[in-house]
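These notes concern the structure reproduced below.
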C-alpha cells in the first residue's frame, strides 16, 4: 500500500494512526500542501479532489480519511476501531464525524487560505475563526462525553473509544494538536484532554505525530 500524505495534515495523521494500531506496513509519499503539490497535475491524476490523504491499496486509490479507515477496519478488523454493537458503532461514528466533518473542514488549510486571500482577512480574524469552530465542536463533544452519551463501553475507559482507542480518538488527537498550534484555550475540555493524554502514551499515536 502507498499512503500519500502530508506530515501536518490531521486527516492524514488519522490514517497513519490507524495503520500503526493495526500494524500494517505502508509506503509513505509526501505531498507538500504548503508548496501546492496537491494541486499539481500529477497528484490530481491520482486524486482529482486534490486533498490528502489518499491510499493506493493496489486495487483502487481511496480518498477521505474516514472512508480509508473504515476500509482498513473491514479488511483488517483487529484491533477493532469501532464497537461491534450497532448503537455503540453509531455513537462512535457520531463523535468522529463531529470532529472530521464539522470542525476540520471549516478550519482546513484551503479554507484558511481563502479567508486570508480572496476575502482579505488578517491573521487575527483567521485565528478568531479557527478558535470559534474548535470551541463549537469541542464544547459539544465534551458535553456528550461528560454526560455519558457515548455508550457504556466508552464511558468506562480513558479513551473516547473506551478501554482502547477507537475511531473518535483517531480524530480527536490531531484536532487537539491543531488547536494548540493556533493557541486555542483547552482548559474547558478536561475529558478530551484526558483521552488525548491516554492516546499519546501509545506509540501508534506518538510515533506518527507531526515532527517540526
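Values in this text are rule-based calculations from the coordinates and carry no lab data. Because the structure is predicted, anything quoted here is derived from the model rather than measured. Because the Cβ atoms are built from the backbone with ideal geometry, glycine has one as well, and the counts that use them run over all protein chains shown.
With both labels modelled 7 Å from their Cα along Cα-to-Cβ, the residue 177 to residue 116 distance reads 2.0 nm.
Taking 171, 199, 101 as the candidate residues, the one with maximal mean-square fluctuation in a Gaussian network model of the chain, Cα springs under 10 Å, is 101.
Computed from the Cβ-Cβ distance with R0 of 25 Å, the FRET efficiency linking residue 201 to residue 25 stands at 0.60. Measuring from label point to label point, each 7 Å out along Cα→Cβ, what is the residue 78 to residue 156 span in nm? About 2.1 nm, to one decimal. Helical runs (DSSP H, four residues minimum) scored at -39500 (n - 2.57) apiece and divided by the length of the chain put the mean residue ellipticity at 222 nm at -15000 deg cm²/dmol. When the Gaussian network model of the chain links Cα atoms closer than 10 Å, the mean-square fluctuations of 174, 185, 80 top out at 185.
Available extension along the chain between residue 85 and residue 140 is 17.5 nm, counting 0.36 nm per residue and deducting the alpha carbon span. Shown is the FRET efficiency for residue 44 and residue 106, computed with R0 = 35 Å from the Cβ-Cβ distance and rounded to the nearest 0.05: 0.90. The modelled label-to-label distance between residue 59 and residue 7, using points 7 Å beyond Cα along the C-beta direction, is 3.3 nm. In this calculation the C-beta distance from residue 131 to residue 191 is compared with R0 = 25 Å, giving a FRET efficiency of 0.80.
Extension gain, residue 32-residue 123: 0.36 nm per intervening residue step, less the Cα-Cα distance, totals 30.6 nm.
Highest mobility in the GNM of the chain, judged by mean-square fluctuation with C-alpha springs under 10 Å and restricted to 163, 57, 27, is found for 27.
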